[in-house]
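The values are calculated or read from the model by the stated rules, or taken from the named source; none is laboratory data. Treat the numbers as computed from the prediction; the structure is a model and nothing was measured. A quick note on method: Cβ atoms are made from the backbone with ideal geometry, for glycine too, and the neighbour counts reach across all protein chains shown. Protein only, heavy atoms only, side chains kept; ligands, DNA and RNA dropped before computing areas. Shrake-Rupley method; radii C 1.70, N 1.55, O 1.52, S 1.80 Å.
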Amino acid sequence: MKERLPISFYFKLMFIIITLMYAYITHRPLIDATLMNENLSAMESVNVILQGVLGMEGSSSQDKPLVSPLDLVSKPGNTEPQLISEEIKSLANYQIAAERANQFNQQFDGEALNYLLNERLNTYRSDINASTMGVGHHLQEGTWNRTEELSLYHYLGSSTIEGTAFYSLFPEIPESQYRLGENLYELYIAADDIHLETWSNPDILADYVYSIFQDSLESDHYQTYQSAYAWVQAEASDYNVSETAYVRLVVVLILDTNLN
């Protein structure tokens, strides 16, 4: 007569299945990207998944990281335009960061940000009896282009990727070298950081952007500007990519002494 398995066995089996399903659902981007990465061996894939899901490392015959630090180009304070290699872009952590960066960019509402940022600027100006500032819609295209190149080329500097001054991106503005000013900011943030979710709210993002430029915007010199336009872009970073997924945020604020 065939012996029946105890009921406890089925409870344990059900618990294991539910646990595995929950781990997959909550870490699907990591697991999918790792399993699809043809550059990782089976053992390396296990290591990445264990580290991401359980916060531990599996066994490995290699002590060195998957990527040499010499191959990394995205780091805080970098002033030279550089591109990330296709090899690094194939890594699981980079792909996770790319997915999160794309989600942020899709949710980002630039018009709402600029309207709300302008409100905060004018609240301060009203308090000091200064003239109000307008949203610089005429600065929009140049600000987009400036943010995109700083983001895609993983640097922060006063020159464009062509080596010209930033105001060369505003050819339609006469005497732009005398009229325009810019403030730049970068932030490296873990791809699973909750701020990438909360900043999808334009009010919260406007508060953050104002806070990072507040010292400049409230200085006496900046009261001569009459319009401004800001943009934010997220891009996957190879910063510490062997260990975790990082997103780099670039914030550009262009100011003009004219309203249009």
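Looking at segment 77-125 only, could you name the residues that are β-branched (Val, Ile, Thr) and either in contact with a strand residue (DSSP E or B) (Cβ under 6 Å, 6 or more places away or on another chain) or surrounded by 14 or more Cβ atoms within 10 Å (Cβ to Cβ) (or both)? Talk me through it step by step, then tell me what you get.
Initially, segment 77-125 is screened for residues β-branched (Val, Ile, Thr), giving 79, 84, 88, 96, 123.
Within segment 77-125, Ile84, Ile88, Ile96 meet the criteria.
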Residues being out of contact with any helix residue (DSSP H, G or I) (no Cβ under 8 Å at 6 or more places or on another chain), open to solvent by less than 40 Å² (accessible area, probe 1.4 Å) and part of a helix (DSSP H, G or I) - total across segment 199-229 | 1
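Looking at the structure I just gave you, is Glu99 in contact (Cβ under 8 Å) with a residue 40 or more places away in the chain, of a type in the set (Asp, Glu) and not assigned by the TED database to the domain that holds Gly157?
Taking the combined requirement at face value, the residue does not satisfy it.
Check Tyr229, Tyr239 and return the single one that is at pLDDT below 95 and of a type in the set (Phe, Trp, Tyr). Walk me through how you get there before you give the answer.
On the way: Tyr229 fails: at pLDDT below 95.
Result of the check over Tyr229, Tyr239: Tyr239.
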Subset of segment 141-198 (residues that are in a loop (DSSP other than H, G, I, E, B), under 17 Å from Asn78 (Cα atoms) and among the polar types (S, T, N, Q)) = Ser158, Thr160
Based on what the data block shows, is Arg100 modelled with pLDDT of 95 or more and not hydroxyl-bearing (Ser, Thr, Tyr)?
-> yes
In segment 117-136, how many are touching a residue at least 60 places away in the same chain (Cβ under 8 Å), closer than 12 Å to Glu218 by Cα and either assigned to a helix (DSSP H, G or I) or among the polar types (S, T, N, Q) (or both)?
-> 4
